[in-house]
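Everything below concerns the one structure shown next.
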Amino acid sequence: MNHLSMNFVFSWEPDSANVCPSSIAAYFHKRGYLVEECYLSKASRVDYNVKIPPKGADPEELFEWFGLHALGAREHPDPVHHEFLSTYPGMDMDNVGQVVYVQWTGLFTTRKLEKLLNKLRKYITDRQSIPFIGLHVQGFDDAPVSWDNKANRYLTYSDNSYSYILFPTGNVNIMKTFV
């Protein structure tokens, strides 16, 4: 008889503070399943003298800048890489002192993302000098979350990515990506 095996990735958040989050792992382990914890990873950088879109820029241009900055692109590439990268002439941009870029990788539930989004909204509301904060969420093939209750398959329905740009005024721009 052939034994089938498969891997599952899941996240569980107890509704009560009295329940240990690892109790689900203990449950499966006691039943003979191999359980491995997936940890979040974090990378960050601080960029100085960055040019950002001015207040009132079109959302499309703001999202384009947001993506370019996340990739580490500059308005004009450095001389060493100029023949490999295209330039982004952009628009009239404002120069800011520094931009902090943080990237977390791992499985985030919608509950965790909602908590993060609410913390970022409070953070920017309390700091009116910050022009905006961007949050991009990139799904993956086989992600347990999908748009419009359709199977999540790359290049078929969508790749489940979306971006938020939060402003100190409380306004939010949202971009949902379909492929």
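Sort the following peptides by mean Cβ neighbour count (other Cβ atoms within 10 Å, averaged over residues), highest first: 18-24, 4-10.
18-24, 4-10
Listed here are the pairs LYS51/LYS122; LYS115/LYS176; LYS112/LYS176; which of them are more than 21 Å apart at the Cα?
LYS51/LYS122
Can you give the net charge of the other residues whose Cβ lies under 13 Å from the Cβ of ALA57, counting K and R as +1 and D and E as -1?
Overall, the nearby charge balance is -4.
Please report, as a whole percent, how much of the solvent-accessible surface of segment 1-51 comes from carbon and sulfur atoms (probe radius 1.4 Å).
Summing carbon and sulfur atoms, their accessible area is 54 percent of the total for segment 1-51.
Obtain the nm distance between the two label points defined at VAL96 and SER161 by a simple spin-label model: each point lies 7 Å from its Cα along the Cα-to-C-beta direction.
2.1 nm
The values are calculated or read from the model by the stated rules, or taken from the named source; none is laboratory data. Everything quoted here is computed from the prediction, not taken from an experiment. Ideal geometry is used to build each Cβ from the backbone, glycine not excepted, and the neighbour counts take in all protein chains shown. Surface accessibility is based on the protein's heavy atoms, side chains included, excluding ligands, DNA and RNA. Shrake-Rupley method; radii C 1.70, N 1.55, O 1.52, S 1.80 Å.
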